[in-house]
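The values are calculated or read from the model by the stated rules, or taken from the named source; none is laboratory data. Here the structure is a predicted model, which means the values were calculated and not measured. Ideal geometry is used to build each Cβ from the backbone, glycine not excepted, and the neighbour counts take in all protein chains shown. Only protein heavy atoms, including side chains, enter the accessible area calculation; ligands, DNA and RNA are left aside. Shrake-Rupley method; radii C 1.70, N 1.55, O 1.52, S 1.80 Å.
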Amino acid sequence: MTAPPTIVPDDAPADCRPGWSLPQRAYHDPNLFARELEAVFHGGWLFAATSAQLTRTGDAVTWTVGTESVILVRGTDGQVRGHHNTCRHRGCRLRQDGTTRTRALVCPYHNWAYRLDGTFAGAPHMGEAIAPEDRDELGLGPVQVREFAGLVFVCFAADPPPVTSAMTAISAQLARHRPEHTKVVATHRYTVGANWKVLVENNRECYHCAGNHPEFCLSNYELGMSGDTRTNPRYEAALAAQREQWAAQGLPTEDVSFPDGDFFRVSRLPMKDGYVTESVSGELVGPLLGDLASAHVGSVRIVTLPNSWIHVNADYVMATRLTPLTPATTSVDVTFQVHADATEGVDYNVDELSAVWLATSEQDWKLCEATAAGIASRAYRPGPLSPVTEGSVVAFHAWWARRLGEHELAARFAAVANGAVVG
């Protein structure tokens, strides 16, 4: 592949035109990417793991984002804590990314050891270099963690932004599904050759769905996304009828969509006739989650900027986590979960369970890589976004600019987005 043209090393996105796709260097400039890591990723709440990955004492998930790395571990008191993955001796990383189970956190370099709660446990051959009064100061640095509704979020900032609104809205929608009482049955990791924003932009519109996602469109309407003003009588009738069913079951029906420019959306959307879950057959592919009494509960969709989208159906959970690697590559983890007591081969089949979202995800990665390749061309110029179907892409641009501290630009993006978003 021909190398992209040289990008001017200027990290200010001031030449963006609201309502249009972003300029080339927004996807390629290493200085802007470094700024995004610090302001967008390290400064806010990130979806890091699910509770199902951390069910037992000693279960640990290690995750690296740019220069920062966190070890999430379930302690003996049942709490999930986050520790900076940096040894207090000479800074060595304690663990590689991934999941494991451990009784203690031990640095591989010189065997400095830490308890699950991050406190210093001991180190060999230190003599009198560590005074008794210093031991309390040698614990691993803490990372802010919030666990709610079966989801685990982290924030690397010392003074994290508010997250209560997201906790309240998401917890309310998922209370009956009880995703914290599920287990992981499959995880698929991809390295996608595209800037992380290309993946988020793709997720924020369904303009492309009908022509590219046949499996997704079996059960889902391509309508109902924030920023998409399309509708039709069939969809409106299905939404009204299913909302009555949800309300009768005591399930929330309101759509909480990036309130006041916040980082999250949670909504319950209808299934098409003949479908009760996101499966190829339309039938359940696992036992009902939580204490649900009916399969007719729609599909709960959660988006948290900048790095996740999660679908919680009547019978399974699909969680997608993005990790920016370079300006041109993004790592993606797609995880599937079922009821904790389900038995493989009896209650579920992994291939049937994951069929729709593996197909849809892999279709998206191809589209994103094709888009990234086009953006890299000398012929690329930003084009206008649809005010009918891509209002949420413009809203994402506003959120992105605001997180970068570009408040004037964010206001101009928001003005365009608000003109495109209905309701």
*Scan the range 242-258 residue by residue and report those that are small (Gly, Ala, Ser), surrounded by fewer than 19 Cβ atoms within 10 Å (Cβ to Cβ) and touching a residue at least 24 places away in the same chain (Cβ under 8 Å).*
GLY250
*Of the residues that make up the range 335-353, is at least one within 30 Å of LEU37 (Cα to Cα), surrounded by 17 or more Cβ atoms within 10 Å (Cβ to Cβ), aliphatic (A, V, I, L, M) and modelled with pLDDT of 95 or more?*
no
_Checklist (1) open to solvent by 20 Å² or more (accessible area, probe 1.4 Å); (2) out of contact with any helix residue (DSSP H, G or I) (no Cβ under 7 Å at 6 or more places or on another chain) applied to ALA166, failing item_ = (1)
*asked:* Take the residues in the range 13-38 that are open to solvent by 30 Å² or more (accessible area, probe 1.4 Å) and of a type in the set (A, V, I, L, M); name whichever of them is modelled with the lowest pLDDT.
replied: ALA14
*Please specify each residue of the range 189-203 satisfying the condition of being open to solvent by less than 10 Å² (accessible area, probe 1.4 Å) and in a loop (DSSP other than H, G, I, E, B).*
ALA194, ASN195
_Can you tell me which condition ASP291 does not meet? The list is (1) touching a helix residue (DSSP H, G or I) at 6+ places or on another chain (Cβ under 7 Å); (2) open to solvent by 20 Å² or more (accessible area, probe 1.4 Å), and all the others hold._
(1)
*Got a sec? Which of ASP77, ASP59 is touching a strand residue (DSSP E or B) at 6+ places or on another chain (Cβ under 9 Å) and either among the hydroxyl-bearing types (Ser, Thr, Tyr) or surrounded by fewer than 23 Cβ atoms within 10 Å (Cβ to Cβ) (or both)?*
ASP59
_Looking only at the range 114-163, filter to residues that are at pLDDT 95 or above and β-branched (Val, Ile, Thr); which one of those is surrounded by the fewest Cβ atoms within 10 Å (Cβ to Cβ)?_
THR119
*Could you please let me know if ALA401 is closer than 22 Å to GLY261 by Cα and open to solvent by 60 Å² or more (accessible area, probe 1.4 Å)?*
no
_I need the full set of residues from the range 80-89 which are touching a Ser or Thr at 6+ places or on another chain (Cβ under 9 Å) and open to solvent by 50 Å² or more (accessible area, probe 1.4 Å), in order please._
THR86
*Which residue out of THR323, THR330 is touching a Ser or Thr at 6+ places or on another chain (Cβ under 8 Å), under 19 Å from LEU151 (Cα atoms) and of a type in the set (Ser, Thr, Tyr)?*
THR323
*helices (runs of 4 or more DSSP H) wholly in the range 305-423 with at least 1 residues that are closer than 22 Å to ALA26 by Cβ, polar (S, T, N, Q) and in contact (Cβ under 8 Å) with a residue 40 or more places away in the chain - which ones?*
350-375, 391-403
_For the structure I just gave you, tell me whether GLY261 is open to solvent by 10 Å² or more (accessible area, probe 1.4 Å), in contact (Cβ under 8 Å) with a residue 12 or more places away in the chain, small (Gly, Ala, Ser) and closer than 30 Å to LEU46 by Cα._
yes
*Considering the range 169-188 alone, what residues qualify as being open to solvent by 30 Å² or more (accessible area, probe 1.4 Å) and either of a type outside the set (A, V, I, L, M) or outside any strand (DSSP E or B) (or both)?*
SER171, ALA172, ALA175, ARG176, ARG178, GLU180, HIS181, LYS183, THR187, HIS188
*Please verify whether the range 39-54 includes one or more residues that are among the hydrophobic types (A, V, I, L, M, F, W, C), open to solvent by less than 10 Å² (accessible area, probe 1.4 Å), assigned to a strand (DSSP E or B) and farther than 23 Å from ALA166 by Cβ.*
no
*Among residues of the range 157-185, those that are among the hydrophobic types (A, V, I, L, M, F, W, C) and touching a Leu at 6+ places or on another chain (Cβ under 8 Å), counted*: 2
*In the range 211-234, residue farthest from ASN313 (Cα to Cα) [restricted to those that are at pLDDT 95 or above and either assigned to a helix (DSSP H, G or I) or among the small types (Gly, Ala, Ser) (or both)]*: GLY211
*Where THR102 falls short, out of the listed (1) closer than 13 Å to LEU116 by Cα; (2) surrounded by 21 or more Cβ atoms within 10 Å (Cβ to Cβ)*: (2)
*Filter the range 321-361 for residues that are of a type in the set (D, E, K, R) and under 30 Å from THR67 (Cβ atoms) and give the result.*
ARG321, ASP333
*Checking ARG95 against (1) in a loop (DSSP other than H, G, I, E, B); (2) buried (at least 20 other Cβ atoms within 10 Å of the Cβ); (3) within 20 Å of the chain's Cα centre (by Cα); (4) not acidic (Asp, Glu), the condition it does not meet*: (3)
